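The values are calculated or read from the model by the stated rules, or taken from the named source; none is laboratory data. Everything numeric here is computed off the predicted structure, so don't read it as measured data. Here the Cβ is made from the backbone with ideal geometry for all residues, glycine too, and neighbour counts use every protein chain on show.
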Amino acid sequence: MILHCAQFELTLTRPHVMGIVNVTPDSFSDGGHFVHTSAAVEHAFALVEQGADILDVGGESTRPNATPVALQEELDRIIPVIEVLSRHVKVPISIDTYKPAVMVEAIRAGASIVNDVRALQEPGAMQAVASSKVGVCLMHMQGTPQTMQIDPVYTQVVDEVRLFLAERAAACLAAGIAKERIMLDPGFGFGKTRAHNIQLIQELSSLQDLGYPLLVGLSRKSVLGQVTGQDVDARLHASVAAAVISAMKGANIVRVHDVKATVEALKVVTAIL
Ligand code: 7PM
């Protein structure tokens, strides 16, 4: 399976690791954006050194329960980071956003993948991707980030996720986005209970016959906290276990915070598979 994203071609014969790069203001804020820009860039360089195949840059607006980030603020956070990274690293840069204007500017700044938790449903998002050559990750979410965890209900979670992803992929094809540019993601934690998340990972293989690469994001998520009783900053071992199981169930890309540990674990998986 090959993924085309702008000037990159990823051959997905082994599981790939997408490293998470959060660009968020910190307590050292200088009132401008220099401090968190350089912190994010340094972190991204370290992730590439640790073996990341892709970098996913996010300005935090897609997080569950996050206070929505204004467009200009999101641009100010992520554009300088993408500009520096796209010139200095050899791996594709992904932009984690649902906002079409952010997609357009991020692509201009050198992003090669759009990672959209709303699967290009925002008006103008489909066109922003179609008028470029970047890859796109279509994620499933039930509801909106503000309300989705209140009481998620499905008749059959796997069937509903599969149907949604198939429909969004078809919409992309109809808009002129080549099949080789598309990847799919069941959206762990986005409008799902513990039981929904567990069933989705158990049956991840059943999403393979959609014919697209699968991306899985379970790193440090609350389902791992529910299973282990560990807080978010102590979910490394659980996250590595989840990445290993994901790869064995057919995930082509895992989106993770802890790149070094995940890369090593997946080398073992690849050697054995
Ligand atoms: C709080 C809760 C903070 C959840 C951050 C998160 C995914 C994603 C995110 C995913 C894709 C996180 C999430 N999760 N994009 N963005 N797939 N494609 O753990 O699972 O980073 S935000």
* Conditions (1) buried (at least 18 other Cβ atoms within 10 Å of the Cβ); (2) of a type in the set (A, V, I, L, M, F, W, C); (3) away from the ligand (no atom under 16 Å from the Cβ); number of the one not met by residue 161 -> (3)
* Check region 2-18 and report whether any residue there is more than 17 Å from the chain's Cα centre (by Cα) and either in a helix (DSSP H, G or I) or modelled with pLDDT under 95 (or both). => no
* Using the structure shown, decide if residue 128 is touching a residue at least 12 places away in the same chain (Cβ under 8 Å), buried (at least 21 other Cβ atoms within 10 Å of the Cβ) and in a loop (DSSP other than H, G, I, E, B). => no
* **Unique match (being touching a residue at least 12 places away in the same chain (Cβ under 8 Å) and surrounded by fewer than 21 Cβ atoms within 10 Å (Cβ to Cβ)) among 156, 142** => 142
* Asked: If you go through region 58-92, how many residues are crowded, with 18+ Cβ neighbours inside 10 Å, farther than 18 Å from residue 41 by Cα and away from the ligand (no atom under 16 Å from the Cβ)?
  -> 0
* When region 190-225 is examined, which residues are found to be closer than 19 Å to residue 116 by Cα, in a loop (DSSP other than H, G, I, E, B) and within 11 Å of the ligand (Cβ to nearest atom)? -> 190, 192, 217, 218, 219, 221
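Report whether or not residue 180 is without any contact (Cβ under 8 Å) to a residue 40 or more places away in the chain and either over 20 Å from residue 8 (Cα atoms) or touching a His at 6+ places or on another chain (Cβ under 6 Å) (or both).
The answer is no for residue 180.
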* Just give me the residues in region 226-273 being among the polar types (S, T, N, Q), assigned to a loop (DSSP other than H, G, I, E, B) and exposed (fewer than 15 other Cβ atoms within 10 Å of the Cβ), in sequence order. => none
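Give 241, 247 a once-over and let me know the one that is within 26 Å of residue 44 (Cβ to Cβ), touching a residue at least 60 places away in the same chain (Cβ under 8 Å), away from the ligand (no atom under 12 Å from the Cβ) and not acidic (Asp, Glu).
Just a single option satisfies the conditions, and that option is 247.
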* Structure fact -> Considering region 47-86, residues that are in a helix (DSSP H, G or I) and without any contact (Cβ under 8 Å) to a residue 12 or more places away in the chain, and then whichever is nearest to the chain's Cα centre (by Cα), we arrive at 49
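Name the residue that is farthest from residue 129 (Cα to Cα), counting only residues in region 93-115 that are touching a Cys at 6+ places or on another chain (Cβ under 6 Å) and within 14 Å of the ligand (Cβ to nearest atom).
115
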* Asked: modelled with pLDDT of 95 or more, touching a Pro at 6+ places or on another chain (Cβ under 8 Å), in a loop (DSSP other than H, G, I, E, B) and of a type outside the set (Val, Ile, Thr) - does that describe any residue in region 113-121?
  -> no
